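Asker: Supplied in structure tokens, the structure appears directly below.
The values are calculated or read from the model by the stated rules, or taken from the named source; none is laboratory data. Not measured: the values here are computed from a predicted model. Note that each Cβ is placed from the backbone with ideal geometry, even for glycine, and that neighbours are counted across all protein chains shown.
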Amino acid sequence: MNKLDTNLHSRALVALLASVAFSTAALAASELGEITIEGSRVHKEVTKSDKTPAGSAPIQEAKLTMGVTYADLDLSLVKDGQELQRRVDAAAKTICTELDKFFSPSDQNCIGELTKQSHAKVSAAIQAASDARFAKAKSDEAKAPRK
């Protein structure tokens, strides 16, 4: 195997391990009743004093992550699902506001993007809670004595 093949295999292995670690963290968070929201901002600034190769510029990236708990909510109830969405929306706003403090606000709709990304997580949590409640009801029905 040549050096290029070895480098590609190493990168693929790193990507696979990162994916497994992220999936494990996401599963653990869902078991704890928490949704993780992450926002990031990339900033590229070009100045005449940069000592970088032609055409390149220093790149800075800031990432903020917040966990939004729902362990105290019964997501099979509409009002609790709405409360989780309210919490997620507030976390998205907080993350974007903090990122704006480090970098000038971007042209992107930070809050809208984070909210959109987190809606899928909220929907999945609500669906899992509804499925669990339905399964429990079916189990209880099956165990009930028949007349």
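Asker: Restricting attention to segment 84-131, report how many residues are touching a Leu at 6+ places or on another chain (Cβ under 9 Å), surrounded by 18 or more Cβ atoms within 10 Å (Cβ to Cβ) and small (Gly, Ala, Ser).
Answerer: 4
Asker: Which is modelled with pLDDT of 90 or more and closer than 16 Å to GLY67 by Cα, of ALA128, ALA91?
Answerer: ALA91
Asker: For segment 114-147, give me the residue count where each residue is of a type outside the set (A, V, I, L, M) and either touching a Ser or Thr at 6+ places or on another chain (Cβ under 6 Å) or touching a residue at least 12 places away in the same chain (Cβ under 8 Å) (or both).
Answerer: Within segment 114-147, residues that are of a type outside the set (A, V, I, L, M) and either touching a Ser or Thr at 6+ places or on another chain (Cβ under 6 Å) or touching a residue at least 12 places away in the same chain (Cβ under 8 Å) (or both) number 7.
Asker: Please count how many residues of segment 110-147 are closer than 29 Å to GLU38 by Cβ and of a type in the set (Gly, Ala, Ser).
Answerer: Selection size over segment 110-147: 10.
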